[in-house]
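The values are calculated or read from the model by the stated rules, or taken from the named source; none is laboratory data. The model shown is predicted, which means the values in this text are computed figures rather than measured ones. Counting neighbours? That spans all protein chains shown, and the Cβs are built from the backbone with ideal geometry, glycine included. Side chains are part of the model used for accessible areas, which takes the heavy atoms of the whole protein and leaves out ligands, DNA and RNA. Shrake-Rupley method; radii C 1.70, N 1.55, O 1.52, S 1.80 Å.
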Amino acid sequence: MSSFILYPAIDIRDGKCVRLVQGDYNQETVYNDDPVQVALSWEKQGGTYVHLVDLDGAKAGHPVNDELIGRIASAVNVPVQVGGGLRTVADVERLLGLGVSRLIIGTAAIEDRAFTEEVLGRYGDKVAIGIDARNGYVATRGWLETSEVQAEVLAKELAAYGAETFIFTDISRDGMMQGPNVEAIVSLAKASGRTVIASGGVSVMDDLLRLSRHADDGVGGAIVGKALYTGSIDLSEAVRAVNK
């Protein structure tokens, strides 16, 4: 059985730990005023990776919460991956210099292919491609816009340029606690021939177990957000369950 990693999520906006519904900045719930303490809590509960999203950066088009991201990366002893507003090589180098282990390129994968190919070639597995899809088409700019590019087509193209990891979000499932789109996630993994981390819709333990059964198909893990904050999933129990 291939490994399956849980990625507890911390979405940062205005220095706080929040969750949005389907990426809507007007549907925000603040869960904690101290994202550093949240990250330490996830590590204490057995999390082996932390997933950060700079929501301010995603909306602004450039990283905004560097100082806070650096403090989180320094505070925990597990790897940290970060997405949100990464558009330049300077952004990538700066965040890697803060101790971030992996960066997620989203909008730029559609809008700036030369940049995306450059960072994939230069940094390899330190770069993941975030593919956020609405009805099968890639959404950009913090999900505020939808492109005419199909998710599976983009994944195949970028895999050819060295992308090893994709983070796939079905926007219709995000924050809705309705379960992940397992079929679409597995399809993307098979189409690209690369590892896909599932994001969006995980609401109960069974969702994680369903995803983990497809580890050999290329589903390498799942990002869990709202379900941890509401208590519907206990991280320590989930880590044990998917590693049985």
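Do we find a residue being closer than 23 Å to VAL64 by Cα and assigned to a strand (DSSP E or B) anywhere in region 169-180?
Yes: region 169-180 contains one or more residues that are closer than 23 Å to VAL64 by Cα and assigned to a strand (DSSP E or B).
Could you pull out the residue among ASP217, ASP234 that is more than 30 Å from GLU28 (Cβ to Cβ), open to solvent by 20 Å² or more (accessible area, probe 1.4 Å) and charged (D, E, K, R)?
Result of the check over ASP217, ASP234: ASP217.
Spot the failing condition for GLU152; the list is (1) at pLDDT 90 or above; (2) crowded, with 24+ Cβ neighbours inside 10 Å; (3) closer than 30 Å to GLN27 by Cβ, and only one is missed.
If we test GLU152 against (1) at pLDDT 90 or above; (2) crowded, with 24+ Cβ neighbours inside 10 Å; (3) closer than 30 Å to GLN27 by Cβ, just (2) comes out false.
State all residues of region 194-206 that are in a helix (DSSP H, G or I) and modelled with pLDDT under 95; if no residue qualifies, say none.
Result: no residue meets the conditions.
Could you list all residues from region 72-85 that are among the small types (Gly, Ala, Ser) and either free of Cβ contacts under 8 Å to residues at least 40 places away in the same chain or part of a loop (DSSP other than H, G, I, E, B) (or both)?
Within region 72-85, ALA73, SER74, ALA75, GLY84, GLY85 meet the criteria.
Just to be sure I understand, how many residues within region 61-72 are under 18 Å from the mean Cα position of the chain (by Cα) and surrounded by fewer than 23 Cβ atoms within 10 Å (Cβ to Cβ)?
6
Against the condition in a loop (DSSP other than H, G, I, E, B) and under 25 Å from ALA73 (Cα atoms), how does VAL100 come out, does it pass?
Here the answer is yes, as VAL100 does meet what is asked.
Scan region 1-29 for residues that are modelled with pLDDT of 85 or more and either in contact with a strand residue (DSSP E or B) (Cβ under 9 Å, 6 or more places away or on another chain) or surrounded by 15 or more Cβ atoms within 10 Å (Cβ to Cβ) (or both) and report the count.
Number satisfying all stated conditions: 15.
Pick from ALA160, ALA191, ALA109, ALA133: which is of a type in the set (Gly, Ala, Ser), at pLDDT 90 or above and open to solvent by less than 40 Å² (accessible area, probe 1.4 Å)?
ALA191
Conditions: (1) open to solvent by less than 30 Å² (accessible area, probe 1.4 Å); (2) within 24 Å of TYR31 (Cα to Cα). LYS226 meets all but one. Number of the miss?
(1)
Residue check, THR116 against (1) surrounded by 18 or more Cβ atoms within 10 Å (Cβ to Cβ); (2) within 15 Å of the chain's Cα centre (by Cα); (3) of a type in the set (S, T, N, Q); (4) at pLDDT 90 or above, all met but one. Which one?
The failed condition is (2).
If you scan region 194-214, which residues turn out to be in contact with a Pro (Cβ under 9 Å, 6 or more places away or on another chain) and either open to solvent by 20 Å² or more (accessible area, probe 1.4 Å) or hydroxyl-bearing (Ser, Thr, Tyr) (or both)?
Once the filter is applied, which keeps residues that are in contact with a Pro (Cβ under 9 Å, 6 or more places away or on another chain) and either open to solvent by 20 Å² or more (accessible area, probe 1.4 Å) or hydroxyl-bearing (Ser, Thr, Tyr) (or both), region 194-214 yields SER199, SER203, ARG210.
State all residues of region 25-71 that are assigned to a helix (DSSP H, G or I) and small (Gly, Ala, Ser); if no residue qualifies, say none.
If the condition is that a residue be assigned to a helix (DSSP H, G or I) and small (Gly, Ala, Ser), then ALA39, SER41, GLY57, ALA58, ALA60, GLY70 are the ones that fit.
Among the residues that make up region 86-94, is at least one of them crowded, with 16+ Cβ neighbours inside 10 Å, in a loop (DSSP other than H, G, I, E, B), among the basic types (Lys, Arg) and within 19 Å of the chain's Cα centre (by Cα)?
yes
Pick out the one residue from ASP66, ASP14 that is touching a residue at least 40 places away in the same chain (Cβ under 8 Å), more than 22 Å from ALA222 (Cβ to Cβ) and either touching a Gly at 6+ places or on another chain (Cβ under 8 Å) or not hydroxyl-bearing (Ser, Thr, Tyr) (or both).
ASP14
Among the listed residues LEU209, LEU228, which satisfies the condition of being out of contact with any strand residue (DSSP E or B) (no Cβ under 8 Å at 6 or more places or on another chain) and outside any loop (DSSP other than H, G, I, E, B)?
LEU209
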